[in-house]
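Student: Handing you a structure now.
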Amino acid sequence: MMLPDVQNLIELQQADREVLRLKEEIAALPKRVAAIEEKLAGTKALLENAKTAVKADEANRRKYETAIKDVQQKISKYRDLSLEVKTNEQYRALMHEIQFAEQDIRANEDKILELMVAAEAREKSVKAAELELKAEMAEIEKEKTEARERTVEDEKQLAEWNAKRDKARAGVNPDLLRHYDRVSKFRGSGLSEVRDQKCLTCQVMLRPQTYNDVRSGQMVICESCQRVLYYNPANEIAPERPSLTAKRRARPKIHIDKAWFYRPDFEGLGEAFLAFVNAQGSSSRRVYDAHTGRKVGDTEFQPGEFTTAFADDIRSAIRLKGGLEEQQLDEWAEELPMVILDELNADLKVARAEKSHLASETSRHPAAS
């Protein structure tokens, strides 16, 4: 059963995460609006530049038109003078001036034509910028409205989560709370779930004893990341359970070098799982408490195969499926991993059911005499 302190820490960590999320969201909303306003300012600048360019073109066009009028007045003056001159040289000089003036008029007219062509494109740019500005102004007003509404809702939720957070903190032992706060400050979280014999946050495997302690509801700190550990059986991946209705349990092989057995009354210990292994002309026996998975006593070695050397131990025992290499058993040392213990108990349950079913069938259909 989970300790109240751990349950409150779970609620506290959830509240801490929600409070952080809401604060970040509240802080991000004005930034999002500011980004849109910055884009809006850019569109306004483009529009102003386009309008300024149109005005500049209009001013240049008026300048060229004025220049043409001035030159036309000069031409008119030169023509009047040409009627009064008395020599051919004077007349030719005035004609040259008129030609130069007419060239000047044509140059100004070309510039006006260029401005007229450019004016069409500039007008399109102005209209496009005006439409874009109008759309962005509508969008920013929409964003501001949504941001205000979201902020109000976030602040409401923030107040609720802060209240939950305060309540959860009040329910945690002060020393444990200080540890949680210290680890959370440096690692971002102070609590971690364990699953499949490892801390899910730092991914470090736990020792079997540590894993069993967490599963049994004891207060345990991860040796690697220092987070408080907790176990949620609902999230554990259950080992595949044999089923009498779906698929019959495989019959144990007769001649094998390793096997598990169950004894309900082993040498005063009570229920126990026995692991036997044959190796190089000898055999070994390891005994584990069927409830805790802890090893009982030392490993015993005998000459010969275990079926002979430990015949008394297995005579009244229930044979279970499979077996494990001696190296694996040595690595587990003094305690079976909980997942192995669960598998053994699951197979024992099926073996008992099969035994009961077989006994029932035998009683209903006795062998013919």
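Laboratory data are not the source of any read-out in this text; all were calculated from the coordinates shown. It should be emphasised that the depicted structure is a prediction, and the values quoted were computed from it without experimental measurement. Cβ coordinates were reconstructed from backbone atoms using ideal geometry, including for glycine residues, and neighbour counts include every protein chain displayed.
Student: In terms of modelled amide H atoms, which long-range or inter-chain residues lie less than 5 Å from the amide H of residue 85?
Tutor: Close amide H contacts, sequence-distant or interchain: none at all.
Student: Hey, which aspartates and glutamates would be in cross-link range of residue 156, C-alpha to C-alpha under 18 Å, not counting anything within fewer than 8 residues on its own chain?
Tutor: Filter leaves 16, 18, 24, 25, 146, 166.
Student: Count the DSSP beta bridges whose two residues both fall in the range 176-235, then state the antiparallel fraction as a percent rounded to the nearest 5. Don't skip to the answer; put the middle values down first.
Tutor: Values: 5 of 9 bridges.
Percentage antiparallel, nearest 5: 55.
Student: Which angle between 0 and 90 degrees, to the nearest 10, do you get for helix 174-187 versus the longest principal axis of the chain when only C-alpha atoms count?
Tutor: On a 0 to 90 degree scale, this one is about 50.
Student: Provide the gained length on full extension for the span residue 200 to residue 175, in nm with one decimal, where the gain is 0.36 nm per separating residue minus the Cα-Cα distance.
Tutor: Length gained between residue 200 and residue 175: 6.6 nm.
Student: Given a Förster distance of 30 angstrom, what is the FRET efficiency for residue 20 paired with residue 339, based on the Cβ-Cβ distance and rounded to 0.05?
Tutor: 0.30
Student: For the range 13-57: lysine pairs with Cα atoms under 19 Å, gap of 8 or more or different chains, count?
Tutor: 4
Student: Based on the Cβ-Cβ distance from residue 35 to residue 223, what FRET efficiency comes out when R0 is 41 Å, to the nearest 0.05?
Tutor: The value I calculate is 0.35.
Student: For the range 308-316, just list the computed ³J(HN,Hα) in residue order, Karplus coefficients 6.51, -1.76 and 1.60, θ = phi - 60°, integers in Hz, with x standing in for Gly and Pro.
Tutor: Karplus-based 3J(HN,Hα) across the range 308-316 equals 9, 5, 10, 4, 5, 5, 9, 4, 9 Hz.
Student: Further question: How would you rank 3, 12, 344, going from fewest to most other Cβ atoms within 10 Å of each one's own Cβ?
Tutor: Fewest-to-most ranking of 3, 12, 344: 3, 344, 12.
Student: How much length is gained on full extension from residue 232 to residue 271, taking 0.36 nm per residue of separation minus their Cα-Cα distance? Intermediate values should be presented prior to the final figure.
Tutor: Working: separation 39, 0.36 × 39 = 14.04 nm, distance 2.68 nm.
Working it through step by step, the gained length comes to 11.4 nm.
Student: Normalising by the residue count of the range 16-169, find the relative contact order in percent from Cα pairs under 8 Å and 6+ residues apart.
Tutor: On the way: 90 pairs, mean separation 70.3, N = 154.
Computed value for the range 16-169: 46 percent relative contact order.
Student: For the pair residue 89 and residue 67, what calculated FRET efficiency results from E = 1/(1 + (r/R0)^6), where r is the Cβ-Cβ distance and R0 = 45 Å, to the nearest 0.05? Kindly include the intermediate steps, with their values, before the conclusion.
Tutor: Working: r = 29 Å, r/R0 = 0.64.
Efficiency, rounded to the nearest 0.05: 0.95.
Student: By how many degrees, 0 to 90 and rounded to 10, does the Cα axis of helix 4-82 deviate from the longest principal axis of the chain?
Tutor: 20
Student: Once both labels are modelled 7 Å past Cα along the beta-carbon direction, what's the residue 123-residue 301 spacing in nm?
Tutor: Taking the two extended label points, one gets 10.4 nm.
Student: Can you sort 314, 221 so the residue with the fewest Cβ neighbours within 10 Å comes first?
Tutor: Fewest-to-most ranking of 314, 221: 221, 314.
Student: A further question follows. Would you mind checking the tilt of helix 338-364 against the longest principal axis of the Cα atoms of the chain, expressed as 0 to 90 degrees and rounded to 10?
Tutor: 50
Student: So for the chain: antiparallel DSSP bridges make up what percent, rounded to the nearest 5?
Tutor: On the way: 29 of 33 bridges.
Of all bridge pairs located within the chain, approximately 90 percent are antiparallel.
Student: Where does the chain land at 222 nm, in deg cm²/dmol rounded to the nearest 500, when only DSSP H runs of n ≥ 4 count, each adding -39500 (n - 2.57), divided by all residues?
Tutor: Details: 8 runs with 227 residues, N = 369.
When only DSSP H runs of four or more count, the value is -22000 deg cm²/dmol.
Student: Also, quick follow-up: Once phi is turned into ³J(HN,Hα) by the Karplus curve 6.51 cos²θ - 1.76 cosθ + 1.60 with θ = phi - 60°, what whole-Hz value does each residue of the range 101-113 show in order, with x for glycine and proline?
Tutor: Computed from phi, the couplings for the range 101-113 are 5, 5, 4, 5, 4, 4, 5, 5, 5, 4, 5, 5, 4 Hz.
Student: If amide hydrogens are placed 1.01 Å from N in the peptide plane, which non-local residues have theirs closer than 5 Å to the one on residue 283?
Tutor: 302, 304
Student: Just to be sure I understand the model, the point goes 7 Å from the Cα along the line to the Cβ. What's the resulting residue 280 to residue 148 distance in nm?
Tutor: About 8.4 nm, to one decimal.
Student: Give the cross-link partners of residue 258 among the aspartates and glutamates, using a straight C-alpha distance below 13 Å as the criterion and excluding same-chain residues fewer than 8 apart.
Tutor: Correct list for residue 258: 305, 325, 326.
Student: As a footprinting exposure proxy, order 273, 266 by other Cβ within 10 Å, with the fewest listed first.
Tutor: Listing 273, 266 from fewest to most nearby Cβ atoms yields 266, 273.
Student: Calculate, in nm to one decimal, what residue 163 and residue 56 gain on full extension: separation in residues at 0.36 nm each, minus their alpha carbon distance.
Tutor: Working: separation 107, 0.36 × 107 = 38.52 nm, distance 6.33 nm.
Stretched fully, the residue 163-residue 56 segment lengthens by 32.2 nm.
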